[in-house]
Structure formats: structure tokens, C-alpha cells
Amino acid sequence: DVKVTQSSRYLVKRTGEKVFLECVQDMDHENMFWYRQDPGLGLRLIYFSYDVKMKEKGDIPEGYSVSREKKERFSLILESASTNQTSMYLCASGEGSGGSYEQYFGPGTRLTVT
Amino acid sequence: AQSVAQPEDQVNVAEGNPLTVKCTYSVSGNPYLFWYVQYPNRGLQFLLKYITGDNLVKGSYGFEAEFNKSQTSFHLKKPSALVSDSALYFCAVDSAPNNAGNMLTFGGGTRLMVKP
């Protein structure tokens, strides 16, 4: 089974703090993704990476950055957390072009910024 | 730009009755279509996909979906609902073949409530 793990299930941070969310996958997938999930808005793509050290902006990259130093690990960074970044954050991985197309999701991190 | 619409925020159905969760999409090019399910406090789980071929796709837990190109729809169906099917369902679309990273666009989600 594909396994995608996220470093924390619940996180509470203060406004202005730097926040790191970590994601690890064990299936040697080329692609990794960070989404945020908000009620009524579904999932919105923040950033994705198709290879080590490669990244592409998604639909809502403002206020976020990412890092992919190793193939299995993809980090989401909130440089200065704000209350409007309170959300559920989901990491996913998937095969590259020519693969099976579906994405595999981690359990999510519920972040609260106070 | 590609988009997905799930017109119902919530669908209520009695156990044993058939269920339908609606999804329409908009893409340029051929669509790749997906359904995911999210149980409480869990990540998303893949249910089924349409890439090409037969318009009726069968997936996990007895779910199926029908791709209708003329109506740009991909409705999720199950002949007989179970209480354990109660969850949040997401439809997603990707466009092909000009895609290297399978970038999915998700709908807003539909909460399915199955009552005993």
C-alpha cells in the first residue's frame, strides 16, 4: 500500500511564526502536492513538485513556500503565519507522466493560527 | 482553465436506496476524471477514475460512475446505500494529454448522509 505521512495531525501556532509542515511518501513517486481544504471550497492546490528541487505554483501560492531536497519528502513552509492560513493541509503524491494518474493523500494536518 | 462543479452541498438518502452524487466539469482537451472520498478526520481515498474506454467505471466499495461527454458530467452512483457510505465526496478533473504532472482540480465536495 502507498503510504503518505504528515508530521503532525494538529498544530497550533501564533501569528507571525514560521511553520513547517512535513510530508513523506514511500512509493518513489515523482510528483508531490500540497493542498489546503476549506469547507465549501474543496481542495485548492498550493504548490506541487515533479522532481527533486523542482517546484511549480498552484492556484494559491501566496504566503507559502516549499522545499523538496529528497524525492520522498516535500515540505510546506509558512514564512509568517496569519490567521487566514488556518485550514486543513493535505499532502499527496502520484506517479509522473504515463503513470496511473491518481494521487495518494496523507491524513492531513489541521493548522490553527491564533 | 479547468473546473469542476458539485451542485449539491449535501445529499440525503435512506439506507438501501440508490444514491447519486452529481459532478460536472469543464476542460479543454480530453478529461481525466476522478472520485475521492473523505471519512471524518481522514485524508482522501481514491474511489475510481475515468481515463478512456468504457463510459461506465466501477470502483471501490460498490461505487460506479458514468462519463457523459455530451453533458460533461461524471456522476457517482451506488445501487444500494449503506450507513457507512456517509462521508464527504470529491470529484476531480485533469486534462490530457498535455499534462506532465497530473494536476487535479477539485470540486467543492458533497456530503453524503445515509440514514438507517
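Numbers at a glance
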| item | result |
| --- | --- |
| Interface area, B with A, accessible, probe 1.4 Å, both sides summed, Å² nearest 100 | 1800 Å² |
| Theoretical FRET efficiency, 1/(1+(r/R0)^6), r = Cβ-Cβ of A:Thr5 and B:Asp54, R0 30 Å, to 0.05 | 0.30 |
| At least 30 Å² accessible surface lost relative to isolated chain, residues of the range A:65-114 (1.4 Å probe) | A:Ser97, A:Tyr101, A:Glu102, A:Gln103, A:Phe105 |
| 5 Å binning of all Cα-Cα separations within chain A, expressed as whole percents from 0 upward | 2, 13, 24, 26, 19, 10, 4, 1, 0 |
| Dimensionless Rg/Rh of the range B:3-115 - Kirkwood Rh, Rg from C-alpha atoms | 0.96 |
| Contact order relative to length of the range B:3-115, as percent, for alpha carbon pairs under 8 angstrom and 6 or more apart | 38 percent |
| Relative contact order [Cα under 8 Å, 6+ residues apart], the range A:1-74, whole percent | 26 percent |
| The range A:1-35: trypsin sites (Lys or Arg not before Pro) in DSSP loop, at most 12 other beta carbons within 10 Å | A:Lys3, A:Arg9, A:Arg14, A:Lys18 |
| Per DSSP, loop trypsin sites (Lys or Arg not before Pro) in the range A:33-74 with at most 12 further Cβ within 10 Å | A:Lys53 |
| Average silhouette area of the protein assembly as shown, convex hull of alpha-carbon atoms, in square nanometres | 12.3 nm² |
| Farthest positive-ward along the range B:30-116 dipole, Cα basis, beta-carbon charges - from B:Ile51, B:Ser80, B:Gly108 | B:Ser80 |
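The values are calculated or read from the model by the stated rules, or taken from the named source; none is laboratory data. Keep in mind the model is a prediction, meaning the values are calculated, not measured. Note that we place each Cβ from the backbone using ideal geometry, even for glycine, and neighbour counts take in every protein chain shown. Each accessible area value is taken on the protein alone, full model and side chains, heavy atoms only, with ligands, DNA and RNA left out. Shrake-Rupley method; radii C 1.70, N 1.55, O 1.52, S 1.80 Å.
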